[in-house]
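The structure appears right after this line, and notes come after that.
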Amino acid sequence: MKKSNFHRTGKYLLPLLLYTVAWFLPDAFVALVSRPDTVVGFVLTALWALIFALITMMLPKLAGRIFFGVFYAICLTWSLIQSGYHCVFGKLMWIRDFFYVSEGVGFLGDTLRTLPPHWWIGGILLIGLWVLLIWKFPRKQIPVLPGVLTSVVAAALVFVLPNLVYSSAYKTVYRTLPNAKSAYSVTGLYQLTCRDIWDHVIRSETQEEEEVEVKPDELETYFAGRESHKDNAMTGRYVGKNVVLVLMESMDDFLITEEDTPTLCRLMDEGIDFTQFYTPGYGTARTLNTEFCMNTGIYLPTEGGYVFDYLGNSFDQSLASQLIKQGYSAEVFHYNTPDFYSRGELEPAVGYGAYHSYGDYLDPENESQIYSDCMLFDVQALRDRFFREGKTLNTIITRSAHLGYSYDEELSAYALSVYPEYQGKYSTEEEDCIRAKARLVDDMFARLLTELEANDLLDDTVIIGITDHYAYGMEDDELLMQLSGVEESLLLERTPCFVWSADGAGMAVDKTLCTVDFLPTVLNLLGVDSPYQYLGHDAFDDSYPGYVLFPDGSWFKDGIACRIKVSGEPEIIVNLSGKELSAEEAQTMAQTAQTFIRANNLLLETDYYK
């Protein structure tokens, strides 16, 4: 009996549908954790999935199986990386961000433990589906002519559809790709990856010179629209003092308690405590983002890339460069090697005279000393560099509170060996470990005060503390939110920041501030009249209302966190003040955020401060 056309067609359509769905699932997995606010990206992904499925089934069986096995594995891996990265950091990556992967390999085990169960379950199921579809690969090929025609139509829709259906808000995001997460919302995974390769890899190497030439003018216009800094009551408050700047790794605000960190509590009570200070995660590397920004006033680019591509830039506006002009010497102290984040090149590029790695001073018979940030004062050669002659800027990058937070992790084990009473003291193993580690950071500050006094430098020194990021390394997100006292993950970005001197001000500054405000504020306190315009503002500038702008275009101001959806509608994420936010105010802040992100990215690209 002759088979019907429907029966013959079904042999192709059912497998085609199955493989289309399979190609669609990696994007759906990313969407499960990132929750895009538009369905248009799904349509684009469905078209890409259809194209990939058609290619898979038009090829001869062996070639099709190889194509599916290899390229689906690549897409699935990219999906797992993106979704896992979002689970930990709340954002997505650009391809160029893989330059930073080597720096995070040592913490991979701790990072994987923070991933939620649904990520592991979904990942295992997708890998199982990949194996099954290779094993059960269909015997029948799709006829080439209808397959090619269908692929061409789908490809045409991929390129035409965005211009047909996107509103102006959609088109702005689609054309400018301000950051990976918002771009994903309007493109889907496959379209985003193709645009990423084109815009950030291929086109960035071949773009016309005249395109770049207009960008400094754009920055001039941006800065011309802002008021110039004026002296205020805090200008020069600590002029001429030595500066100890401490970047406190993972020292979240909930870790500052009288019981666990009495020295830090004292410094914050007696000094200037910036109570609403935020360290939003621009770029990819969280610690490096804050470290770079506190020194230069610039966040890492939201467009991805390796900041070390810009180490040939001029950083004359940096903290170290400006203080050296005032007669200071500037050096950095940290346990890690100079090649980690290429600090051996980065620190001199931003103005420091030297980067000192504790490992270079380690006593082979006392290797555990490198677990303590107090090693800086335990080793005579390091002490000699720290207490060198003349006015000094000493930047210390602490290690003690870094992730992970389990009893068997080496830094946690060391902290618990110093303070065994912390094991079992709190509700969970994680809280025991992170608070014991915070105690070690506090010990470093206590030792710092002692050493400054012993060297008759206490009255002539200002101590500045800033945290690089919140304790994102904690696995228990619910506990982290509870300890931080917030109900919205965006507000986790609030971290400690303070300035202390023996003749301290003893004041709390409640204005909402962020990392880019740090450098102009410090320069104002030190009485340094920098000739440069900065992205951020002096905290004591009355004309600056204070706000934090996040890399996805959302913001927090006057107790209200808000973002503009790609549809153009404002969405209030949290309202702590109870105030009403008009649509006009929301749009104004949305525009402020977008122009800020654009200006931030251009500062490095154009070498603006040259």
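The values are calculated or read from the model by the stated rules, or taken from the named source; none is laboratory data. No experiment lies behind these values; they were computed from the predicted model shown. Quick reminder, even Gly has a Cβ in these numbers, built from the backbone with ideal geometry, and neighbours come from all protein chains shown. These accessible areas exclude ligands, DNA and RNA; they are computed on the full protein's heavy atoms, side chains included. Shrake-Rupley method; radii C 1.70, N 1.55, O 1.52, S 1.80 Å.
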Unique match (being out of contact with any His (no Cβ under 8 Å at 6 or more places or on another chain) and exposed (fewer than 14 other Cβ atoms within 10 Å of the Cβ)) among A583, A539: A583
Residue in the stretch 434-453 that is under 23 Å from T275 (Cα atoms), basic (K, R), in contact with an Asp or Glu (Cβ under 9 Å, 6 or more places away or on another chain) and part of a strand (DSSP E or B) present: no
Every residue from the stretch 62-88 that is of a type outside the set (A, V, I, L, M, F, W, C) and crowded, with 18+ Cβ neighbours inside 10 Å: G64, Y72, S79, Q82, S83, G84, Y85, H86
Residue check for D503: open to solvent by 10 Å² or more (accessible area, probe 1.4 Å), at pLDDT below 95, under 18 Å from D253 (Cβ atoms) and not aromatic (F, W, Y): no
Cβ pairs under 6 Å, 6+ apart, first in the stretch 303-322 and farther than 24 Å from R175 by Cα and small (G, A, S), second assigned to a loop (DSSP other than H, G, I, E, B) and open to solvent by 30 Å² or more (accessible area, probe 1.4 Å): S314/K610
Top-ranked residue of the stretch 553-577 - restricted to ones that are in a loop (DSSP other than H, G, I, E, B) and within 21 Å of F274 (Cα to Cα), ranked as farthest from the chain's Cα centre (by Cα): S577
Hey, D309 in a helix (DSSP H, G or I), open to solvent by 30 Å² or more (accessible area, probe 1.4 Å) and either touching a Pro at 6+ places or on another chain (Cβ under 6 Å) or closer than 27 Å to F340 by Cβ (or both) or not: yes
Residue satisfying condition, being assigned to a helix (DSSP H, G or I), surrounded by fewer than 18 Cβ atoms within 10 Å (Cβ to Cβ) and in contact with a strand residue (DSSP E or B) (Cβ under 9 Å, 6 or more places away or on another chain), within set T521, T592: T592
Test result for F550, over 26 Å from the mean Cα position of the chain (by Cα) and within 30 Å of R113 (Cβ to Cβ): no
D316 being modelled with pLDDT of 95 or more and more than 24 Å from N600 (Cα to Cα): no
Unmet criterion (only one of (1) among the hydrophobic types (A, V, I, L, M, F, W, C); (2) in a helix (DSSP H, G or I); (3) more than 21 Å from the chain's Cα centre (by Cα); (4) under 30 Å from V462 (Cβ atoms)) for L604: (3)
From the options E270, E259, E331, E227, residue that is under 30 Å from L457 (Cα atoms) and surrounded by fewer than 17 Cβ atoms within 10 Å (Cβ to Cβ): E259
Residue in the stretch 142-174 that is modelled with the highest pLDDT, counting only those that are open to solvent by 50 Å² or more (accessible area, probe 1.4 Å) and touching a Pro at 6+ places or on another chain (Cβ under 9 Å): T172
Whichever residue in the stretch 395-428 is more than 23 Å from T495 (Cβ to Cβ) and of a type in the set (D, E) and, among such residues, is farthest from the chain's Cα centre (by Cα): E421
Lone unmet requirement of (1) among the β-branched types (V, I, T); (2) assigned to a loop (DSSP other than H, G, I, E, B); (3) in contact with a Ser or Thr (Cβ under 7 Å, 6 or more places away or on another chain) for V462: (2)
Per-region count, the stretch 115-127, residues more than 15 Å from A28 (Cβ to Cβ) and open to solvent by less than 40 Å² (accessible area, probe 1.4 Å): 2
Of the criteria (1) surrounded by fewer than 17 Cβ atoms within 10 Å (Cβ to Cβ); (2) within 24 Å of R113 (Cβ to Cβ); (3) not hydroxyl-bearing (S, T, Y), which one E430 fails: (1)
